[in-house]
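Participant: Have a look at this one.
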Amino acid sequence: MNHHHDSLDSTLSSTILRDVTLRDGLQLTGKLLPTERKVETVRELLRLGVPAIELGSMARADLVPTMANTLEVVQALTPEELEKCWIWVATPGHVAKAAAAGARNFQYCLSASDSHNKANIGRTTEESLAALPEAIGYAQSVSGQIQLCIATSFTCPFEGMVPEERVLAIANDPRAEGTTDIVICDTLGQAIPAQVSGLIARVREESPLRRIVYHGHDTWGLGVANTLAAIQAGAAMVDGALGGLGGCPFAPGASGNTASEDILFATRPEWLTTATFAELVILSEKLLAELGEPNRSRAAQGARSNAAAFDWVLPSDSTAPAPCTTGGK
């Protein structure tokens, strides 16, 4: 039995968190963060050890105004920093433009349901798939990586339940050959752990070998549970946003992403110490205050509790980083 626990613990702690605060997190906020502030946030997250970041989206600025300065953010970062950063794209033109600015990691997104793809991207799922080989070509021409990202993999705001076969058909589409990862998204946060582990296991067993990424939302309170179910079923990267910020402007009823702090507290990756965690909580609190957004992270709330004997709780006076303790594992 212990043997199983050891292997599960190592699976959890080796999972890569991708923080999507600057993309999915900001989509519904009313405020455009200045380029400098976004760049500073990327650098702070990287400094603290966060292994991957989604820094923005190529979505049209008139539709998603908070993404207007994404290319400026890309241009401000070094090639070394950009190696750990991802950018949301939906067309070959997006990839070409982002690559020209210096981006090397692209998340090509389409929806499993046509009606959401039309609302989100303005085309059918089939049209998005038809354009994918050209997008892959652009990514490969700059030695970049491109993910096949399937939004509404579980439910669609317009059609309800999405059949697993629909997701598997996209996962197995020959036009996706050359994508390095597959991202399975619970866009509305309506899935439950059994559905998540079931679909991830099928993608792992029944589609080409690629890294599996899970993108979840906490709308029904199962963000962390679903993320853990995804990891146990084979996801090697999971998405979260600081303070549970986020949602999709084209998906009525979608609330925030699963909080990065909650995922980190649950998975305890090697790089996370209690001091790092404290700094992340403070970084998150400052950013959310600036945006006028509530902090939905339960771990951040726990970190601000009075349970002073617990290593993960921040000192009551801390707006400064907490002292380092050995509770990091």
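The values are calculated or read from the model by the stated rules, or taken from the named source; none is laboratory data. Bear in mind that the values here come from a model prediction, so they are computed numbers and not experimental data. Because the Cβ atoms are built from the backbone with ideal geometry, glycine has one as well, and the counts that use them run over all protein chains shown.
Participant: Would a scan of the stretch 188-202 turn up a residue that is β-branched (Val, Ile, Thr), touching a residue at least 40 places away in the same chain (Cβ under 8 Å) and within 21 Å of Pro92 (Cα to Cα)? Lay out the reasoning, then the answer.
Facilitator: So in the stretch 188-202, the residues β-branched (Val, Ile, Thr) come out as 192, 196, 200.
Those still in the list that are touching a residue at least 40 places away in the same chain (Cβ under 8 Å) too: 196.
The next check asks that each one be within 21 Å of Pro92 (Cα to Cα); those that pass are none.
Among the residues of the stretch 188-202, not one is β-branched (Val, Ile, Thr), touching a residue at least 40 places away in the same chain (Cβ under 8 Å) and within 21 Å of Pro92 (Cα to Cα), which makes the answer no.
Participant: Being out of contact with any Pro (no Cβ under 6 Å at 6 or more places or on another chain), buried (at least 19 other Cβ atoms within 10 Å of the Cβ) and at pLDDT below 95: is that true of Ile121 here?
Facilitator: Details: out of contact with any Pro (no Cβ under 6 Å at 6 or more places or on another chain): yes; buried (at least 19 other Cβ atoms within 10 Å of the Cβ): yes; at pLDDT below 95: yes.
Criteria met by Ile121.
Rundown of residues vs (1) touching a Leu at 6+ places or on another chain (Cβ under 8 Å); (2) at negative phi; (3) not basic (Lys, Arg), yes/no style:
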{"site": "Cys185", "(1), (2), (3)": "no, yes, yes"}
{"site": "Gly189", "(1), (2), (3)": "yes, no, yes"}
{"site": "Ile192", "(1), (2), (3)": "yes, yes, yes"}
{"site": "Val203", "(1), (2), (3)": "yes, yes, yes"}
{"site": "His215", "(1), (2), (3)": "no, yes, yes"}
{"site": "Leu222", "(1), (2), (3)": "no, yes, yes"}
{"site": "Gly244", "(1), (2), (3)": "no, no, yes"}
{"site": "Ile263", "(1), (2), (3)": "yes, yes, yes"}
{"site": "Thr267", "(1), (2), (3)": "yes, yes, yes"}
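Participant: From the list Thr78, Thr35, which residue is surrounded by fewer than 22 Cβ atoms within 10 Å (Cβ to Cβ), in contact with a helix residue (DSSP H, G or I) (Cβ under 6 Å, 6 or more places away or on another chain) and of a type outside the set (A, V, I, L, M)?
Facilitator: Working: Thr78 fails: in contact with a helix residue (DSSP H, G or I) (Cβ under 6 Å, 6 or more places away or on another chain).
Result: Thr35 is the single residue among Thr78, Thr35 that is surrounded by fewer than 22 Cβ atoms within 10 Å (Cβ to Cβ), in contact with a helix residue (DSSP H, G or I) (Cβ under 6 Å, 6 or more places away or on another chain) and of a type outside the set (A, V, I, L, M).
Participant: If I ask for residues that are in a helix (DSSP H, G or I), touching a residue at least 40 places away in the same chain (Cβ under 8 Å) and either among the aromatic types (Phe, Trp, Tyr) or touching a Gly at 6+ places or on another chain (Cβ under 6 Å) (or both), which ones from the stretch 71-87 would you list? Steps first, answer last, please.
Facilitator: Taking the stretch 71-87 as the starting set, the residues that turn out to be in a helix (DSSP H, G or I) are 71-76, 79-82.
Checking the rest, the ones that are also touching a residue at least 40 places away in the same chain (Cβ under 8 Å) come to 73, 76.
Within the stretch 71-87, Val73 is the sole residue that qualifies.
Participant: Just a yes or no: is a residue in the stretch 157-168 farther than 17 Å from Ala229 by Cβ and crowded, with 23+ Cβ neighbours inside 10 Å?
Facilitator: Checking the stretch 157-168: not a single residue is farther than 17 Å from Ala229 by Cβ and crowded, with 23+ Cβ neighbours inside 10 Å.
Participant: Same structure again: So which of Asn172, Asn226 ends up being buried (at least 22 other Cβ atoms within 10 Å of the Cβ) and touching a Ser or Thr at 6+ places or on another chain (Cβ under 9 Å)? Give the steps one after another, and end with the answer.
Facilitator: On the way: Asn172 fails: buried (at least 22 other Cβ atoms within 10 Å of the Cβ).
Unique residue meeting the criteria: Asn226.
Participant: Is it true that some residue in the stretch 270-284 is within 24 Å of Ile150 (Cβ to Cβ) and either of a type outside the set (A, V, I, L, M, F, W, C) or not in a helix (DSSP H, G or I) (or both)? Walk me through it before giving the result.
Facilitator: Step one: filter the stretch 270-284 for residues within 24 Å of Ile150 (Cβ to Cβ), giving none.
Looking for residues that are within 24 Å of Ile150 (Cβ to Cβ) and either of a type outside the set (A, V, I, L, M, F, W, C) or not in a helix (DSSP H, G or I) (or both), one finds none in the stretch 270-284, hence no.
Participant: Next up: Kindly establish whether Ile184 is within 20 Å of the chain's Cα centre (by Cα), of a type in the set (Val, Ile, Thr), closer than 22 Å to Gly244 by Cβ and assigned to a helix (DSSP H, G or I).
Facilitator: Details: within 20 Å of the chain's Cα centre (by Cα): yes; of a type in the set (Val, Ile, Thr): yes; closer than 22 Å to Gly244 by Cβ: yes; assigned to a helix (DSSP H, G or I): no.
No.
Participant: With Leu28, Leu77, Leu45 as the choices, which residue is out of contact with any strand residue (DSSP E or B) (no Cβ under 8 Å at 6 or more places or on another chain) and over 19 Å from Asp181 (Cβ atoms)?
Facilitator: Working: Leu77 fails: out of contact with any strand residue (DSSP E or B) (no Cβ under 8 Å at 6 or more places or on another chain); Leu45 fails: out of contact with any strand residue (DSSP E or B) (no Cβ under 8 Å at 6 or more places or on another chain).
On inspection, the qualifying residue turns out to be Leu28.
Participant: Could you list, ordered by first residue, the pairs with Cβ atoms under 6 Å in which the first is in the stretch 265-292 and more than 13 Å from Val313 (Cα to Cα) and hydroxyl-bearing (Ser, Thr, Tyr) and the second is modelled with pLDDT of 95 or more and not in a loop (DSSP other than H, G, I, E, B), at least 6 apart or interchain?
Facilitator: Close Cβ pairs (under 6 Å, with a partner that is modelled with pLDDT of 95 or more and not in a loop (DSSP other than H, G, I, E, B)) amount to Ser284/Leu242; Ser284/Gly243.
Participant: May I pose another question? Name the residues in the stretch 211-227 that are among the charged types (D, E, K, R) and more than 12 Å from Gln190 (Cα to Cα), would you? Lay out the reasoning, then the answer.
Facilitator: So in the stretch 211-227, the residues among the charged types (D, E, K, R) come out as 211, 218.
The one that is among the charged types (D, E, K, R) and more than 12 Å from Gln190 (Cα to Cα): Arg211.
Participant: Mind checking which residues of the stretch 1-23 are of a type outside the set (D, E, K, R), at pLDDT 80 or above and not in a helix (DSSP H, G or I)? Walk me through it before giving the result.
Facilitator: Restricting attention to the stretch 1-23, the residues satisfying the condition of being of a type outside the set (D, E, K, R) are 1-5, 7-8, 10-17, 20-22.
Then drop every residue that is not at pLDDT 80 or above, which leaves 10-17, 20-22.
If the condition is that a residue be of a type outside the set (D, E, K, R), at pLDDT 80 or above and not in a helix (DSSP H, G or I), then Thr15, Ile16, Leu17, Val20 are the ones that fit.
Participant: Separate question: Quick one: Pro294 ticks every box in (1) closer than 28 Å to Ile87 by Cβ; (2) part of a helix (DSSP H, G or I) except a single one, so which number is it?
Facilitator: Condition not satisfied by Pro294: (2).
Participant: When you check Glu293 against the structure, is it modelled with pLDDT under 95 and at negative phi, yes or no? Even if it seems obvious, please write down each step before you answer.
Facilitator: Numbers: modelled with pLDDT under 95: yes; at negative phi: yes.
Here the answer is yes, as Glu293 does meet what is asked.
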